[in-house]
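To keep things clear, I will list the structure first and then write my remarks on it.
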Amino acid sequence: MSLGRLFGIEIRLDFSVLIVFALVVYSLGAGLFPRWHPTWGPALNWSTALAAGLLFFASLLAHELSHSVVAKLRGIPVPRITLFVFGGVSELEREPDTPATELLIAIVGPAMSALLGFAFTWLGAALAGGDFAGGVFTDPEAAMANLGPTATLFLWLGPINLMLAFFNLVPGFPLDGGRVLRAILWGISGDLQNATLWASNMGRVFAWTLMAFGVLQSFGGSFVQGIWLLLIGWFLNNAARNSYAQLLIQQAFDELIVGNLMRTHFEVVHPDLTLEAFVNELLLRSGQAAWPVVEDSKTVGLITFEDARATNEGERATRTVRDIMSPIDEHLRPDVGGRDALRALAESESDPLPVMEGNMIVGLLHRGDIARWLALHELDAQQHR
Ligand SMILES: [Zn+2]
């Protein structure tokens, strides 16, 4: 669900946010606020809870926007922000290319949350008046009960934003604090891969600690809170593991070109070959999925298993490859980088994509080839560890 654009960035809302929003409003309107204010009626309780829920998500958005705006200022395009159940994600078009940029982008989010936290707390305390600060320690219940709705709202939002800042500063990748740690290690060592490995391992330690606390809590009676911690820990553990794997793949792809990945062992056909001969002598005799059609040392088209299958069996003796072959609309060149090739394959309908040099097909690149190459490379990466 799209909410519109801010600073040229599309703001999107995942469906899961609505569930969390409902949970936050419910726990405030039915739990916390009635406890703080036994004299409030339901209308005041629920409208304050609703406002608190909205401002809470506005705070999350402000956190995410600060990451995105700094990224844009440092020259990295940010097409969109997605808010989802565990917070938000800013989709940076590429990873920061220096430790300083990464540090700035990472630190500004928690800084924004901390700033909001202090501002809301200060506003709430100012609205509550001088008696509140003294009273909250001697008789907290009475002090809270005397607060108006706006002060209550701010004194809930302030600490929540401060907690958000603290949680995000935990030095485990891919949390903001983990990115800060990675940027520092990367700056000191100059080695992005090892810095990421360390930061993501810290992230996994933190994730397992959360999960352990979650299990203890759910056995200790706070079942819902325990499950919630378990879920967050599980999510963080996956995120930490994936982000390291992703970096390895990305680095591998950067060194790779289509010429390394494409299949070079394939047969070609002449356009005047009958379909009957094509099916019986070529198609049924190999695992090839697409045949370049070559005439006078020029590739004039491509014929696939699907093309042949779509023809009427009775007509195959009289029709030729030329009748049903398709022209080559899209193709790759052997010197195209691995990352661009992956994108081209993902966006294309045809699999394999022909690789052309001048007028000739020099290779065929299948989607499956990349997975095969990755499988071999992952094996390789583990052996070197
Ligand atoms: Zn953040």
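Our summary of shape: the Cα atoms of the stretch 210-311 have principal axis extents of 78, 35, 19 Å, ordered from largest down, in whole angstrom.
Across the stretch 261-321, the volume of the C-alpha convex hull divided among the residues equals 86 Å³ per residue.
Please report Rg over Rh for the stretch 6-59, where both radii come from the alpha carbon positions and Rh follows the Kirkwood definition.
Details: Rg = 13.6 Å, Rh = 12.2 Å.
Ratio of gyration radius to Kirkwood radius for the stretch 6-59: 1.11.
Each peptide among 14-26, 182-194 gets the average number of other Cβ atoms lying within 10 Å of its residues, and from highest to lowest they stand as 182-194, 14-26. Rg of the Cα atoms in the stretch 22-108, relative to 2.2 N^0.38 Å, amounts to 1.51. Taking the Cα centroid of the stretch 271-342 and of the stretch 62-90, what is the distance between the two, rounded to the nearest whole Å? Taking the Cα centre of the stretch 62-90 as reference, the centre of the stretch 271-342 is 46 Å away. The tail of the calculated P(r) for the stretch 155-284, taken as Cα-Cα distances beyond 24 Å, holds 54 percent of the pairs.
In a DSSP loop and with at most 12 other Cβ atoms within 10 Å, there are no chymotrypsin sites (Phe, Trp or Tyr not before Pro) in the stretch 220-317. Three semi-axes describe the equivalent ellipsoid of the stretch 259-383; taken as square roots of 5 times the Cα gyration tensor eigenvalues and ordered largest first, they are 29, 16, 12 Å.
Over the chain, the reciprocal of the mean inverse Cα-Cα separation, the Kirkwood hydrodynamic radius, stands at 25.6 Å.
Give, to the nearest whole percent, the P(r) tail of the stretch 176-232 beyond 14 angstrom, counting all Cα pairs.
Numbers: 933 of 1596 pairs.
For the stretch 176-232, the fraction of Cα-Cα distances above 14 Å is 58 percent.
Looking only at Cα atoms, what is the convex hull volume of the stretch 141-206 per residue, in Å³?
Details: hull volume 6.1 nm³, N = 66.
Dividing the Cα hull volume of the stretch 141-206 by its residues yields 93 Å³.
Only the coordinates and a few stated rules stand behind these numbers; no lab work does. Treat the numbers as computed from the prediction; the structure is a model and nothing was measured. Cβ atoms come from the backbone with ideal geometry, glycine included; neighbour counts cover every protein chain shown.
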